[in-house]
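What follows draws every value from the coordinates through simple rules; no lab data is involved. What you are looking at is a predicted structure, and each value in this text was computed from that prediction instead of being measured. Quick reminder, even Gly has a Cβ in these numbers, built from the backbone with ideal geometry, and neighbours come from all protein chains shown.
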């Protein structure tokens, strides 16, 4: 029996009911209120605010030590903007480690560079919670450390001046790193804004960076994170940042029409390409610059290295598919090659995870001879918990959150890593890190209209914890199909049922999928609804059944 076509209002009610929300929760979901948590519930927040005030008043040199990704770098910009508005921007020094030479986390090299600049207060962003020795080293050099981070802590915290971390207190446990740094700014301004002449509510201009990081870092988009992402998008549409405006213009992005996928599929890859292919300071400088010529030069460079990154990821992904074709795959798969560049393997792991619906740990050989890589997890696996459950000998180090992480392993131990990871997960069980699986809602193709898409977009921003609604279309005829893209790796189909005809597409289509979707065939598939490049509405195929 064919499903009936709901009106837009009926579709909204159906989608909200499908999420299991009460009437009160539905209104808050559709119209999130800008109401954030009590920053005093972080155990060390008062200590951190007091130390920052002393550094500002005494004109100390302040170091910001940030991670090199699209969480740490926006978080560093948040703190730089904060110190500028306090009038001490010239005393702030940003250090972002080189992904290739130093790897993830706080290092003695970075501390030494900040020490040379006379830094007496160092604030970390998105790093530091496991850097016990490095924080102790900085403190011994006369550099007080305030750790702001969101990654899983060890059994003990660093002996820092203050540790601002969601696990150390009762605040929202799912904040990204930039959002944790933002709570520090909020806490300071709640007490001292008038003293420094900061206009009430000024910190809301920082939400473009906080919302961007929240979307990029794959934290659950529920509760406060949904508020930060939603309001972050609002601020992003009005952003004053010259670098972002230049990036948007260069890529044909209209600021008033920005959605979350513009940031995660267009902006984030270019900023991440800086650390993967060159230096992370390129990305930081783009977000921080006030010079249009500098911004244009950086955007041009980022576009170039992002294209290089795409070619490298495509090559490695193709090689990975060939390796996987010859073996069986458990729930958690380890795959690698000494020739693969560790800096891009998070992207490769993400593509493999999407293709095979398994968690992937992908490694390559670093310059120091160790094997380093990244992991991307399906919803029932939790990277941070699995790392903690591993035997101490399994890895050199590993860290992350539910959906993603990074690791290093010796050449001897890598042969046993897959078995160890699956055993560790087995001890934890599937309930760890599981997110709600809403399933696809059966619909006719007549649902694919602009008015119905507007209803779907009311549930945005989408991401981890709030996936895009998926629709099921059954017994649909393929009117035509063609490959597209520079190397013809993507697939576009015109599909039809008795209710209508629409365009559907998928990226990186396998030969098997292309054969299934050949002209004249009848298929059933799940898909999400999206705006077309040239207007209208189209479907993005999730799975052919």
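On a 0 to 90 degree scale, rounded to 10, what angle separates helix 45-57 from the longest Cα axis of the chain?
60 degrees
At q = 0.11, 0.12, 0.17, 0.24 Å⁻¹, what log₁₀ I(q)/I(0) does a Debye calculation on the Cα points of segment 327-428 give, no solvent, two decimals?
The computed values of log10 I(q)/I(0) come out as -0.26, -0.31, -0.65, -1.40.
Treat segment 146-205 as a sphere of radius equal to its Kirkwood radius over Cα pairs and apply Stokes-Einstein at 20 °C in a medium of 1.002 mPa s; give the translational diffusion coefficient in µm²/s, rounded to a whole number. Write down the numbers at each step before the final one.
Details: Rh = 12.8 Å.
The calculation lands on 168 µm²/s.
Angle, helix 292-325 long axis vs. longest principal axis of the chain, Cα atoms, 0 to 90°, nearest 10?
60 degrees
What residues of segment 150-165 lie in the reach of a label at residue 46, counting those whose backbone N is under 15 Å from a point 7 Å from the Cα along Cα→Cβ?
Taking a point 7 Å out along Cα→Cβ of residue 46, the residues of segment 150-165 whose backbone N falls under 15 Å are 162-163.
Where does helix 72-85 land angle-wise versus the long Cα axis of the chain, in degrees 0 to 90, nearest 10?
The answer is roughly 50 degrees.
I need 44, 101 ordered by Cβ neighbour count within 10 Å, fewest first.
Details: 44 20, 101 11.
Lowest to highest Cβ neighbour count: 101, 44.
Give me the one-decimal nm value for the distance between modelled label points at residue 325 and residue 256, 7 Å along each residue's Cα-to-Cβ direction.
4.9 nm
Tell me the label-point distance for the pair residue 486, residue 35, using the 7 Å Cα-to-Cβ offset, in nm and rounded to one decimal.
4.9 nm
Using only alpha carbons, build the gyration tensor for the chain and give me the equivalent ellipsoid semi-axes, biggest first, whole Å. Show your work: numbers first, answer last.
On the way: eigenvalues 307, 158, 99 Å².
In descending order, the three semi-axes are 39, 28, 22 Å.
Given contacts defined as C-alpha pairs under 8 Å and at least six residues apart, what's the relative contact order of segment 40-200, whole-number percent?
Rounded, it is 28 percent for segment 40-200.
Given that compact globular proteins tend to follow 2.2 N^0.38 Å, what is the ratio of the alpha-carbon Rg of segment 473-538 to that value? Present the calculation step by step, with values, prior to reporting the outcome.
Details: Rg = 11.5 Å, N = 66, 2.2 N^0.38 = 10.8 Å.
The value comes to 1.06.
Compute the relative contact order of the chain as a whole-number percentage, counting only Cα pairs closer than 8 Å that sit 6 or more residues apart in sequence. Don't jump to the answer; show the numbers that get you there.
Values: 1033 pairs, mean separation 61.8, N = 545.
Rounded, it is 11 percent for the chain.
How long is the gain from residue 356 to residue 266 if the chain were fully straight, where each residue apart is worth 0.36 nm and the alpha carbon distance is subtracted? Don't jump to the answer; show the numbers that get you there.
Numbers: separation 90, 0.36 × 90 = 32.40 nm, distance 2.40 nm.
Between residue 356 and residue 266, full extension yields an extra 30.0 nm.
Quick one: length gained pulling residue 191 to residue 26 fully straight, 0.36 nm per residue minus the C-alpha distance?
Numbers: separation 165, 0.36 × 165 = 59.40 nm, distance 3.41 nm.
56.0 nm is the gain from fully extending residue 191 to residue 26.
Output the antiparallel fraction of DSSP beta bridges having both residues in segment 327-428, as a percent to the nearest 5. If you can, show how the numbers build up before the last one.
Values: 16 of 21 bridges.
Antiparallel bridges: around 75 percent, rounded to the nearest 5.
Restricting everything to alpha-carbon atoms, can you work out Rg to Rh for segment 40-200 with a Kirkwood hydrodynamic radius?
Here the Rg-to-Rh quotient is 0.93.
Arranged from highest to lowest average of other beta-carbon atoms within 10 Å per residue, in what order do the peptides 120-132, 57-69 appear? Before the final figure, lay out the partial values.
Numbers: 120-132: 26.4, 57-69: 22.8.
Per-residue Cβ counts within 10 Å, averaged per peptide and sorted highest first, yield 120-132, 57-69.
If each DSSP helix of 4+ residues adds -39,500 (n - 2.57) and the sum is divided by the residues in the chain, what number results at 222 nm, nearest 500 deg cm²/dmol? Let's see the in-between values first.
On the way: 18 runs with 212 residues, N = 545.
Taking each H run of at least 4 residues, the total per residue is -12000 deg cm²/dmol.
Measure out, as a whole number of angstrom, how far apart the alpha-carbon centroids of segment 435-495 and segment 111-141 sit.
Segment 435-495 and segment 111-141 have Cα centres spaced 47 Å from each other.
Quick one: of the DSSP bridges fully inside the chain, what percent are antiparallel, nearest 5? Numbers along the way, then the final one.
Numbers: 44 of 70 bridges.
Here the share of antiparallel DSSP bridges comes out near 65 percent.
Based on the alpha-carbon gyration tensor of segment 224-330 and its eigenvalue square roots a ≥ b ≥ c, which shape applies: rounded if a/c is under 1.5, prolate if not and a/b is larger than b/c, or oblate?
Note, shape of segment 224-330 comes out oblate.
Give me 321, 100 ranked fewest to most by other Cβ atoms within 10 Å of their Cβ, as a rough exposure proxy. Write down the numbers at each step before the final one.
Working: 321 15, 100 18.
The most exposed by this proxy come first: 321, 100.
To make sure I understand, if each residue's beta carbon is the centre and we count other beta carbons within 10 Å, what order do 377, 329 fall in, fewest to most?
Values: 377 26, 329 14.
Lowest count first: 329, 377.
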